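Contents: one structure, followed by commentary.
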Amino acid sequence: MTDLPDPQGLPVTEAVAEVLAKLGADTVFGVVGSGNFVVTNALIQRGARYVAARHEGGAAVMADAWARLTGRPGIVSVHQGPGLTNAMTGITEAAKSRTPLIVLAADVASSAVRSNFRIDVSGLGAAVGAEVFRPRTPGFAVDETVRAYRTALAGRRTVVLALPLDVQAGSCTMPAALPAAGPAAALAPSAASVGELASALAAARRPVFIAGRGSRAAGARAELELLGSRCGALLATSAAAKGLFRGSPWDLDVSGGFASPLAAELIQGADLVVGWGCSLNMWTLRHGRLIGPSATVAQVDDDASALGAHQPVALGVTGDVALTARAVADVLPAGVPEFTGYRSAELRERLAAQVRWRDVPYEDEGTGTGKGTGTGSGDQARIDPRTLSIALDDMLPAERIVAVDSGNFMGFPSMFLSVPDADGFCFTQAYQSIGLGLASAIGSAIARPDRLTVAALGDGGALMGISELETVVRLGLPMVIVVYDDEAYGAEVHHFGPDGHRLDTVRFPPAKIAKIGRGFGCDAITVRRRRDLRPAAAWLDGPRTAPLLIDAKVTSSHGSWWLEEAFRGH
Ligand SMILES: Cc1ncc(C[n+]2csc(CCOP(=O)(O)OP(=O)(O)O)c2C)c(N)n1
């Protein structure tokens, strides 16, 4: 590549778009300003669908969710300076989640030292774990774009491709063929480590697998189920991989704060816990308390630096999850009885009857007497969020994607709404930011229009991210938005309330969220009792022309147990 301007060549903006399109970019999220206008249009001209968000934070989160559900790098396009800084929370979530995401960010010319838009883009990226690529001359535009794409895809990284305005104004030559930028080859485990893990599993009497994001990325369900059947393992996931083992009689669902009492009991009773592409962090292991005193912990990950990073492990295997599980299964004897290891006929029955949260008895704390209409302005009744979630679980089609925001409420949809598989759950919670749920749902709905997307939000997160409600309506996305409305930053109320602190900074007067929704163009209902959900059933029957917003006035007399778990991590 030459560093000299090439008057015969392609404008840099065209070249960048051409490279991205050739590598497979067909969807781009963004907010367009002068700096990214031309490159975004160049992508659209090459057939990409452009999704206009109303805030760059929303655009980044949409692209992140889209990438999680398509398994392809997401692309978000932002203006220089404030466009990028607005996107930073979404970029941070993506980087912490190892989402392959490419942030196409306009940047000031290196000579524009006094530009009001100048920020330290490299420093900003480094601060949140995103790698920054910047062609310093037009001649580097193609290579930097390929490098950025390759790093995002093969390294599962969030990258910023900074495009200085002076470089954008130049031109360059497209090479006849692009350098390779495909996914990384799956890493095979060593024979020795396969043998060690096989021995540990053969000796285990009560093995439990916890599959994480890496199992989902590797599409390793079949291999893990095969290995599980050869050693009698029970199958759990981290929250990020919820749904991976859906339908297996040995599925424990999520390990960690969201684990049901039976799942927690069984994980604690394991003598060998194997994390598969799973960081085994404090959320997944309840700060280690889910590991029994005499249990051995093993971990398999294709990133050696992940081994033992959160939880001491007796056996660490560096390798792709699917390849490793298959190799270990090949070592173990085939044709073992169905009830082996932790698996028994009795346990299978217990799991069928009790492992789901919705099968755990609870006392309904709803304050609806059953006499009110549920619509009168003086109606103060509130619905128990468990009752609400179970009713929704019954009503919503099984083919769904549940996207969850952060807050005290977040466990209710996560634990009580079932999902059809790991793509049925979009959990943008690595950074624990509130306000990302609605944009996560939008990215999910665009990635999977065949499913009904359900955005589960607290009132705080909903109002923080509300600008994207216009995006939902404008795009005609037929989604359900459920607001668990306690008229407070409930997480903070429950965090500080017990110590007698003033809480007026975290409590709010009732907001007319259903009315706000209607203002944006949604169908909307307020729910104070189970029966107030009837119009939702009618909406589900079709034609679903506008999104449905459910403002559920929920009870919130005490904090949730997963929240107490979260506070231990602060
Ligand atoms: C961007 C951001 N700001 C502040 C917080 C701290 N925080 C955590 S939960 C929460 C309250 C969320 O309220 P809401 O969405 O209504 O859900 P609730 O806790 O009431 O269920 C706040 C402010 C955060 N996590 N992220």
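What follows is calculated from the coordinates using simple rules that are stated; it is not laboratory data. Owing to the predicted nature of the structure, the values given are computational and were not obtained by experimental measurement. Glycine also receives a Cβ, built like all others from the backbone with ideal geometry; neighbour counts cover every protein chain displayed.
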Check your understanding: Over the stretch 404-470, what number does the Rg to Rh ratio reach, with both radii from the alpha-carbon atoms and Rh per Kirkwood?
Key -> 0.94
**Study point:** Potential extension, residue 511-residue 353 segment - 0.36 nm per residue separation minus Cα distance
**Key:** 52.9 nm
Practice item. Evaluate the distance, in nm, between pseudo-label points positioned 7 Å from the Cα of residue 421 and of residue 344 along their respective Cα→Cβ axes. Key: 3.4 nm
Practice item. Please report the Cα spread of the stretch 59-210 along all three principal axes, rounded to whole Å, starting with the longest. Key: 67, 37, 25
Check your understanding: Which whole-number percentage describes the relative contact order of the stretch 118-225, with Cα contacts under 8 Å and a sequence gap of 6 or more?
Key -> 22 percent
Exercise for review: Give me the distance between the Cα centres of the stretch 408-453 and the stretch 124-159, rounded to whole Å.
Suggested key: 28 Å
Review point. Could you give the longest part of the chain that holds none of the trypsin sites (Lys or Arg not before Pro) found in DSSP loops with at most 10 neighbouring Cβ atoms within 10 Å?
Key: 115-370
Check your understanding: Which whole-number percent is the relative contact order of the stretch 188-279 (Cα, under 8 Å, 6+ apart)?
Key -> 37 percent
Point to revise | Mean residue ellipticity (222 nm) of the chain, computed from DSSP H runs ≥ 4 via -39,500 (n - 2.57), nearest 500 | key: -10500 deg cm²/dmol
Review point. Taking Cα atoms of the stretch 345-493, Rg/Rh with Kirkwood Rh, to two decimals?
Key: 0.99
Review point. Over the chain, what is the mean sequence separation of C-alpha contacts under 8 Å (at least six apart), divided by residue count, expressed as relative contact order in percent?
Key: 12 percent
**Study point:** Straight-distance crosslink candidates among lysines, where the alpha carbon sits under 19 Å from residue 553 and sequence neighbours closer than 8 are dropped
**Key:** 371, 512, 515
Practice item. Report the net charge of residues surrounding residue 434, where surrounding means a beta-carbon distance below 11 angstrom and charges are Lys +1, Arg +1, Asp -1, Glu -1. Key: -3
Point to revise | Those aspartates and glutamates that a straight Cα-Cα span of less than 16 Å connects to residue 242, excepting residues fewer than 8 apart in one chain | key: 225, 251, 253, 393, 399, 405, 421, 423
Practice item. Just grab the label-to-label distance for residue 475 and residue 541, each label 7 Å out from Cα along the Cβ direction, in nm (one decimal). Key: 2.9 nm
Review point. Rounded to a whole number, what is D in µm²/s for the chain from Stokes-Einstein with the Kirkwood radius over alpha-carbon pairs (25 °C, 0.890 mPa s)?
Key: 99 µm²/s
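If each residue of separation counts as 0.36 nm, what is the full-extension length gain between residue 186 and residue 399 once their alpha-carbon separation is subtracted?
Length gained, residue 186 through residue 399: 73.7 nm.
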Practice item. Using only the alpha-carbon atoms of the stretch 159-312, report the extent along each of the three principal axes, biggest first, to the nearest angstrom. Key: 65, 34, 31
Point to revise | Full-extension gain in nm, residue 305 to residue 44, via 0.36 nm per residue minus C-alpha separation | key: 90.1 nm
Check your understanding: Hey, fewest Cβ within 10 Å first, where do 434, 401 land in order?
Key -> 434, 401
Study note, to complete from the structure: Those GluC sites (Glu not before Pro) from the stretch 292-361 that are DSSP loop and have at most 12 other Cβ neighbours within 10 Å turn out to be 338
